[in-house]
């Protein structure tokens, strides 16, 4: 069972803080977590079989990437039926067992809600495209060709190419901000909104505890569909101002009349702190927190596969900006990797010589910020990027489309393009979970849908938990600390020495208690005066077995003091 949470008030707010302020969420990518039937694809039975592992880690909620029926063009983010389970994962009866067994262990279940778009095989879209006069025609964005029979505007898809596809049967284009198999729903139509709310209530009635909402700010479009920068590829945003009305209506139709606190997390590309305060202000009743992407875009150029040098001062300043921006109103979500991002220790740390040290350093730094931390499967044992040698080994639609476009259309060097894919591909996060050192890492008895990382013989759950320096045990202590300490959950944040190229230091303060984090984010010893005198301070947690009492920090050394 997870630890009980402190009953404390949010700064400036009366009463007890919501449960998620002192909680940690664990994200499972079902295809890659655990396979119970040997077909090479993870499933609900595999997740059920690992619930004790998650309970031992101490997490409070389990966020499941989509488990609905899908043609799998985008690994489940193209949904063909919102009220069923993809057969490769199991069925509704097994899902109900998963919810019940998770709840028995004090773990909440958070579903992925993908309602900006559906699959082109969803019954709604099949009706919509059947004729211009079909009653569901206006459930999606259809437009006539413009000019010389081209698309309605110049918007681009996040997965390369235009955001419009011509349906030859009806002679009109439909909008898809992602793959052409993912047509965008038209939220201007109230029938669409009510259908979505009905579906959400259906899942909540089955016992789920909330939703992570995929690109939810995109549901509100610039309704005139003006031309301009391609919004889904970083050149702007398609988000329209009606997004707040939609989210408030959703809250009223789905959550307002229910007992208990359900977690709502909005994935929102392109938003800033001003936006986030509006979205997460409890008084506005929209969402509890958002996922934003500023900090994971700092090392990317014109596109995500153009890798730029990383800057610790830039990362510190950005995370501190979000801490300050939501300090008085709203709430942050905290993450450094997920199913769409490279592995944390490979991107921000040293995944070879100092893998343990850098994995635990970033864990300490992230979890001591103010907000709700999200742990992505495998992060808690320091799993790394995979680095396939050939583009043919990749499965990620985004990576494959980018490679083909860059090489075939723009004639870029294949080796250079592949290097960018190796560094930033979503498949880095999607290789199977490494449970042990056996042939398929304990993930499956069959052939996995995506090859396991060859380093699974050294990096796996069994080996890590048995090791003297265990990343898993470090995460356990961090999660327990958040449960036990109101200052970790709710204390104010102050960044120290923001310009330092290697030192990451900050304080958290609540009442008369202050915690200090000092971390050397580099491969070499750091011998500088610490920004705060720690004489007589209590060392709460460290990733070196015998940390020195002075100011010198070893490579990737991190310490937490109570002043």
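The values are calculated or read from the model by the stated rules, or taken from the named source; none is laboratory data. Note that the structure is a prediction, hence the values are computed from the model and not measured. Cβ atoms come from the backbone with ideal geometry, glycine included; neighbour counts cover every protein chain shown.
Given the residues 429, 363, 419, which is the only one that is touching a strand residue (DSSP E or B) at 6+ places or on another chain (Cβ under 9 Å) and surrounded by fewer than 21 Cβ atoms within 10 Å (Cβ to Cβ)? Every option except 419 fails the conditions. For segment 476-489, residues that are under 24 Å from the mean Cα position of the chain (by Cα) and surrounded by 20 or more Cβ atoms within 10 Å (Cβ to Cβ) total 6.
Checked against (1) assigned to a helix (DSSP H, G or I); (2) crowded, with 17+ Cβ neighbours inside 10 Å; (3) in contact with a helix residue (DSSP H, G or I) (Cβ under 9 Å, 6 or more places away or on another chain), residue 473 passes all but condition (2).
Before we move on, is residue 544 in contact (Cβ under 8 Å) with a residue 60 or more places away in the chain, under 26 Å from the mean Cα position of the chain (by Cα), over 30 Å from residue 45 (Cα atoms) and not in a helix (DSSP H, G or I)? Spelling it out, it is not the case that residue 544 is in contact (Cβ under 8 Å) with a residue 60 or more places away in the chain, under 26 Å from the mean Cα position of the chain (by Cα), over 30 Å from residue 45 (Cα atoms) and not in a helix (DSSP H, G or I). The test for being out of contact with any strand residue (DSSP E or B) (no Cβ under 7 Å at 6 or more places or on another chain), without any contact (Cβ under 8 Å) to a residue 12 or more places away in the chain, over 29 Å from residue 254 (Cα atoms) and surrounded by fewer than 18 Cβ atoms within 10 Å (Cβ to Cβ) holds for residue 301. Number of residues in segment 349-360 that are surrounded by fewer than 24 Cβ atoms within 10 Å (Cβ to Cβ) and either within 22 Å of residue 323 (Cβ to Cβ) or in contact with a helix residue (DSSP H, G or I) (Cβ under 9 Å, 6 or more places away or on another chain) (or both) equals 5. Going by the conditions given, is residue 478 touching a strand residue (DSSP E or B) at 6+ places or on another chain (Cβ under 8 Å) and at pLDDT 95 or above? Judged against the criteria, residue 478 is a match. Just to be sure before I move on: is residue 58 surrounded by 21 or more Cβ atoms within 10 Å (Cβ to Cβ), closer than 27 Å to residue 476 by Cα and touching a helix residue (DSSP H, G or I) at 6+ places or on another chain (Cβ under 6 Å) in the structure I sent? Against the criterion (surrounded by 21 or more Cβ atoms within 10 Å (Cβ to Cβ), closer than 27 Å to residue 476 by Cα and touching a helix residue (DSSP H, G or I) at 6+ places or on another chain (Cβ under 6 Å)), residue 58 qualifies. Take the conditions touching a residue at least 40 places away in the same chain (Cβ under 8 Å) and touching a strand residue (DSSP E or B) at 6+ places or on another chain (Cβ under 9 Å) and apply them to residue 76. Does it pass? Yes, satisfied. When 36, 70 are screened for being touching a helix residue (DSSP H, G or I) at 6+ places or on another chain (Cβ under 6 Å) and either part of a loop (DSSP other than H, G, I, E, B) or under 30 Å from residue 479 (Cβ atoms) (or both), only 36 passes. Residue 283 fulfils the conditions (1) out of contact with any helix residue (DSSP H, G or I) (no Cβ under 9 Å at 6 or more places or on another chain); (2) touching a residue at least 40 places away in the same chain (Cβ under 8 Å) except for a single criterion, (2). Counting the residues of segment 154-190 that are crowded, with 20+ Cβ neighbours inside 10 Å, assigned to a loop (DSSP other than H, G, I, E, B) and touching a strand residue (DSSP E or B) at 6+ places or on another chain (Cβ under 8 Å) gives 9. Hey, does segment 124-136 have a residue that's under 28 Å from the mean Cα position of the chain (by Cα) and either closer than 19 Å to residue 239 by Cβ or not in a helix (DSSP H, G or I) (or both)? The answer is no; no qualifying residue exists.
Residue by residue, here is whether (1) in contact (Cβ under 8 Å) with a residue 40 or more places away in the chain; (2) assigned to a loop (DSSP other than H, G, I, E, B); (3) more than 24 Å from residue 28 (Cβ to Cβ); (4) under 19 Å from the mean Cα position of the chain (by Cα) holds:
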{"residue": "364", "(1), (2), (3), (4)": "yes, no, no, yes"}
{"residue": "388", "(1), (2), (3), (4)": "yes, yes, no, no"}
{"residue": "434", "(1), (2), (3), (4)": "yes, yes, no, no"}
{"residue": "440", "(1), (2), (3), (4)": "no, yes, no, no"}
{"residue": "459", "(1), (2), (3), (4)": "yes, yes, no, no"}
{"residue": "464", "(1), (2), (3), (4)": "yes, no, no, no"}
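Residues in segment 87-122 that are surrounded by fewer than 18 Cβ atoms within 10 Å (Cβ to Cβ) and closer than 13 Å to residue 60 by Cα: 103, 104, 105, 106. Here residue 387 passes the criteria (1) on the phi > 0 side of the Ramachandran plot; (2) buried (at least 22 other Cβ atoms within 10 Å of the Cβ) except the one numbered (2). The set of residues from segment 310-345 being buried (at least 22 other Cβ atoms within 10 Å of the Cβ), part of a helix (DSSP H, G or I) and touching a helix residue (DSSP H, G or I) at 6+ places or on another chain (Cβ under 9 Å) comprises 319, 322, 344, 345.
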